[in-house]
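Working notes, structure below.
The values are calculated or read from the model by the stated rules, or taken from the named source; none is laboratory data. Everything numeric in this text was worked out from a predicted model, so none of it was measured. Backbone-built Cβ (ideal geometry, glycine too); neighbour counts: all protein chains shown.
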Amino acid sequence: MKAVVTVIGKDAVGILAKVSTKCAEYNANVIEVTQSVMQEMFAMIMMVDISKLNSDFAAMAESLEKLGEENGLKVTVMHENIFNCMHHI
Amino acid sequence: MINVYDILETIRMIQDECLDIRTITMGISLLDCIDSDIDVACKKVYDKITTKAAHLVQVGEQIEREYGIPIINKRISVTPIAIVSAACKCSPVKFAKTMDEAAKAVGVNLIGGYSALVPKGFSAGDIELIKSIPEALACTERVCSSVNIGSTKTGINLDACKMMGQIVRECAERTVDNACFGAAKLVVFCNAVEDNPFMAGAFHGVGEPDCMINVGVSGPGVVRAALRKYPDADITKISDVIKEISYKITRVGQLVGVTASERLGVPFGIVDLSLAPTPAVGDSVAHILEEIGLEKCGTHGTTACLALLNDAVKKGGVMACSRIGGLSGAFIPVSEDAGMIDAAKSGALCIEKLEAMTAVCSVGLDMICIPGDTPADTISAIIADEAAIGMVNSKTTAVRVIPAIGKKVGEELDWGGLFGCGPVMPLKKESPSKFINRGGQIPAPLHSLKN
């Protein structure tokens, strides 16, 4: 079971570190990361394994979104199924 | 593997283009609650609804959180109450109050099924229920009502049309203090469907299982945004673009329905693939029609564009889910659609054009404010016209008009929220009373004889 974490905002030092630390707090294993910086905008998409979370999904999602708000970033956390169902037959 | 483009597209559809699941509706059969003692029957109704739907809202919110997609409404539909109340032989208003209490207890915002099915005549309980609708809707908050007065197979019950014109007026008169809102909770159908998840017309048909989950999708904003990328494409391409986006929207409906069904331990019924607008900016069906190339919704060409839209939505959605049902198509409620409100205010959209549009859209004349002095017979005749379109075209049609008591053309009624606001639209002045008062049954059309 995986979730997709997206992070969009102004580039700054330590964004990846902060987000992955928060994932680790919930025992979500980061499997894959794609990121790019265009002009000064930072965009990252992270695939995390959520099958061994030490808390429920909602708590992790809210915590990551809050981390985003505190750092001026837009963070979304969504179960992979919504992407799979929409884009694959 | 999911690619970056797909992820960003999904997020954009939800965050910027108003993609949402409009409703998860739990259909609950009340056939096992029938009792000749109304108090006993109501207790059974309350217990069954609050047991079956105890976790509906909680599971809806959980899915919302997990998939990051808003689920706007969690609702309940029940067996038409006229069937349940027939054995009681007294006013069925107590059932409406019970439904209202049960809806509040489980936290759903609307509950549908204060209904009667009279396409070919009245059976025990039907007339009592119909007569009680104005009181039931005035003394409850969340109860919705519907009456089916005709079908392709049976023809149109003109006696019921006559009665419903009066009932619609009374519903508005009894709720004048609340912008005549009673009439907005009442739908008069021809060819009503039994698995419709959308309010106010939802009820749980007698052919349905004991309990099931139906899902209504939405997403006019997503369709418009997709079309905006093809300003110069020919109309066949436009149809293809709508099909592609409709497929994606419907897939989400299927996912949400299957997940909700698993978690609630209730069978999954159907996805209603509808484009349901809201008054929010960027969530309008009228604006899709304008994006296709009309200066204003309601002008010449509107019916053709709507026919294409309605058809393409179904073609795209049909492969995306295992079972389709409900009303499926594009809704055209005037007060709930920012583009329709604009078009009606500017005079481009009139009731005659709306009537033509109902021949090719998913339902019928919906959320239209009419002058407060409209005679009941005129409302009955509007219902009969609309039912005739449904009967002859073998489609569902409906009338949900709101007589704006004390108001004239040019003024408006405002409910706020998803119900929006609507300008009072002009009607014909000439009387249809003699026709309506003939009573009887309009026979079923020749093409109903298919066997």
* When you scan region B:282-296, how many residues do you find that are more than 21 Å from the chain's Cα centre (by Cα) and more than 18 Å from residue B:232 (Cα to Cα)? -> 1
* Asked: Can we say residue A:9 is in contact (Cβ under 8 Å) with a residue 60 or more places away in the chain, of a type outside the set (A, V, I, L, M) and surrounded by 20 or more Cβ atoms within 10 Å (Cβ to Cβ)?
  -> no
* Asked: Out of region B:312-329, which residues are in a helix (DSSP H, G or I) and under 26 Å from residue B:294 (Cβ atoms)?
  -> B:312, B:313, B:314, B:315, B:316, B:317
* Asked: Can you name the condition, by its number, that residue A:36 falls short on among (1) within 13 Å of another protein chain (Cβ to nearest Cβ); (2) modelled with pLDDT of 90 or more?
  -> (2)
* Restricting attention to helices (runs of 4 or more DSSP H) lying wholly within region B:196-311, give those where 2 or more residues are assigned by TED's automatic domain parsing to the domain that holds residue B:362 and at pLDDT below 95. => B:220-228, B:235-264
* For region B:348-363, does any single residue satisfy the condition of being of a type in the set (Gly, Ala, Ser), at pLDDT 95 or above, crowded, with 24+ Cβ neighbours inside 10 Å and not assigned by TED's automatic domain parsing to the domain that holds residue B:148? -> no
* Structure fact -> When every residue in region B:239-265 that is of a type in the set (Val, Ile, Thr), buried (at least 21 other Cβ atoms within 10 Å of the Cβ) and closer than 17 Å to residue B:308 by Cα is compared, the one farthest from the other protein chains (Cβ to nearest Cβ) is B:242
* Would you check which residues across region A:54-84 are crowded, with 20+ Cβ neighbours inside 10 Å and under 18 Å from residue B:67 (Cβ atoms) and list them? => A:60, A:61, A:64, A:75, A:76, A:77, A:78, A:79, A:82, A:83
* Asked: Within region B:186-205, which residues are out of contact with any Lys or Arg (no Cβ under 9 Å at 6 or more places or on another chain) and either buried (at least 24 other Cβ atoms within 10 Å of the Cβ) or of a type in the set (Ser, Thr, Tyr) (or both)?
  -> B:189, B:192, B:196, B:203, B:204
* Residue list for region B:404-449, restricted to those being of a type in the set (Gly, Ala, Ser), modelled with pLDDT under 95 and buried (at least 19 other Cβ atoms within 10 Å of the Cβ) -> B:420, B:422
* Asked: Is at least one residue of region A:14-23 of a type outside the set (Gly, Ala, Ser), free of Cβ contacts under 8 Å to residues at least 12 places away in the same chain, facing chain B (nearest Cβ under 10 Å) and more than 19 Å from residue B:11 (Cβ to Cβ)?
  -> no
* Residue satisfying condition, being without any contact (Cβ under 8 Å) to a residue 24 or more places away in the chain and not basic (Lys, Arg), within set B:170, B:194, B:128, B:141 -> B:194
* To do: Name the single residue, out of those in region B:198-238 being in contact (Cβ under 8 Å) with a residue 12 or more places away in the chain, small (Gly, Ala, Ser) and over 26 Å from residue B:365 (Cβ atoms), that is farthest from the other protein chains (Cβ to nearest Cβ).
  => B:207
* Structure fact -> Counting only residues that are out of contact with any Gly (no Cβ under 8 Å at 6 or more places or on another chain), over 15 Å from residue B:72 (Cα atoms) and surrounded by 22 or more Cβ atoms within 10 Å (Cβ to Cβ), region B:206-221 contains a total of 0
* Search region A:39-53 for residues being out of contact with any Lys or Arg (no Cβ under 9 Å at 6 or more places or on another chain) and surrounded by fewer than 16 Cβ atoms within 10 Å (Cβ to Cβ), and hand back the single one that is modelled with the lowest pLDDT. => A:39
* Asked: Looking only at residues in region A:62-89 that are in contact (Cβ under 8 Å) with a residue 24 or more places away in the chain and in a helix (DSSP H, G or I), which one is farthest from the other protein chains (Cβ to nearest Cβ)?
  -> A:67
* Structure fact -> Taking first residues from region B:438-449 that are hydrophobic (A, V, I, L, M, F, W, C) and second residues anywhere that are in a loop (DSSP other than H, G, I, E, B), the pairs with Cβ under 7 Å that are 6 or more apart or on different chains are B:444/B:152; B:444/B:153; B:444/B:154
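This table checks each residue for (1) in the same structural domain as residue B:349 (by TED's automatic domain parsing); (2) more than 24 Å from residue B:178 (Cα to Cα).
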| site | (1), (2) |
| --- | --- |
| B:374 | yes, no |
| B:380 | yes, no |
| B:399 | yes, no |
| B:407 | yes, no |
| B:410 | yes, no |
| B:425 | yes, no |
| B:435 | yes, yes |
| B:438 | yes, yes |
| B:449 | no, yes |
* Structure fact -> Reported set for region B:1-48 where residues are more than 24 Å from the chain's Cα centre (by Cα) and among the small types (Gly, Ala, Ser) is B:36, B:41
* Residues that are of a type in the set (S, T, N, Q) and more than 27 Å from residue B:296 (Cβ to Cβ): find the helices (runs of 4 or more DSSP H) completely inside region B:337-451 holding 2 or more of those. => B:433-438
